[in-house]
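Just so it is clear, none of the values below were taken in a lab; they were calculated from the coordinates. Since the model is a prediction, treat every value here as computed from it, not as a measurement. Note that each Cβ is placed from the backbone with ideal geometry, even for glycine, and that neighbours are counted across all protein chains shown.
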């Protein structure tokens with residue numbers, strides 16, 4: 001990963017020209033990353049459809065994807081690109097979302113583990129989301145075909161392929177077998 005050498009803010013990062021390469025802002029430095037592979041995109045698309053359709057049908061909130069920026073730290077600033085994020089209407093009103101980064105953390109972030117991801121880096125990213133106020137972070141692993149659900153003050157919940165993912169405090173009665181995300 002390439003980095004910049006000058007600390008910038010989230011607002012300055014937002015105004016940077018598109019380099020054509022995925023990036024994140026980490027402690028004021030822009031990190032360049034490789035684009036996700038096709039399988040990663042397929043899984044993210046499936047997640048966005050399943051949760052997005054449910055959220056829309058039940059008038060729950062907004063689902064964003066495509067590495068939409070989430071501010072996880074200030075001074076120095078960090079902006080992470082969430083694979084999928086859910087914002088309840090209690091946090092962000094109905095209607096089109098404003099340009100820029102939202103001033104509140106999402107209720108839920110879902111990250112899809114890529115084959116080249118280092119587990120330690122992913123767990124650090126999960127901790128950043130939780131420390132920023134995200135209620136729950138779900139990590140999906142295509143290789144093991146399971147989900148790990150992280151909360152700030154609860155033990156990690158590992159959900160196997162044939163078991164159901166349920167997050168009632170965020171998504172109400174939404175339930176789906178973990179394996180469905182990988183089909």
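Taking R0 as 22 Å, what's the FRET efficiency between residue 127 and residue 160 from their Cβ-Cβ distance, rounded to 0.05? Present the calculation step by step, with values, prior to reporting the outcome.
Values: r = 24 Å, r/R0 = 1.08.
Efficiency at R0 = 22 Å is approximately 0.40.
Computed on the stretch 36-181, with alpha-carbon pairs under 8 angstrom and 6+ residues apart, the relative contact order is 17 percent.
Per DSSP helix of 4 or more residues, -39500 (n - 2.57); summed, then divided by the residues of the chain. What does that give at 222 nm, rounded to the nearest 500?
On the way: 5 runs with 47 residues, N = 183.
Helix-only estimate at 222 nm: -7500 deg cm²/dmol.
Between residue 39 and residue 18, how high is the FRET efficiency from 1/(1 + (r/R0)^6) when r is the Cβ-Cβ distance and R₀ = 41 Å? Nearest 0.05. FRET efficiency, residue 39 to residue 18: 0.95.
If you build a Gaussian network model of the chain, linking Cα atoms that sit under 10 Å apart, which residue out of 53, 116, 66 swings the most? In this elastic network of the chain, the residue with the biggest mean-square fluctuation among 53, 116, 66 is 116. Assign one of three labels to the stretch 10-94, namely rounded, prolate or oblate, based on the Cα gyration tensor with a ≥ b ≥ c the square roots of its eigenvalues; rounded applies when a/c is under 1.5, prolate when it is not and a/b is larger than b/c, and oblate otherwise. Oblate is the answer for the stretch 10-94, as a/c is 1.5 or above yet b/c matches or exceeds a/b. Extension gain, residue 75 to residue 31: 0.36 nm times the residue separation minus the Cα-Cα distance gives 14.2 nm. Taking label points 7 Å from Cα along the Cα-to-Cβ direction, residue 118 and residue 11 give a separation of 3.3 nm. In whole Å, how far is the Cα centre of the stretch 85-118 from that of the stretch 50-69? Going from one Cα centre to the other spans 9 Å.
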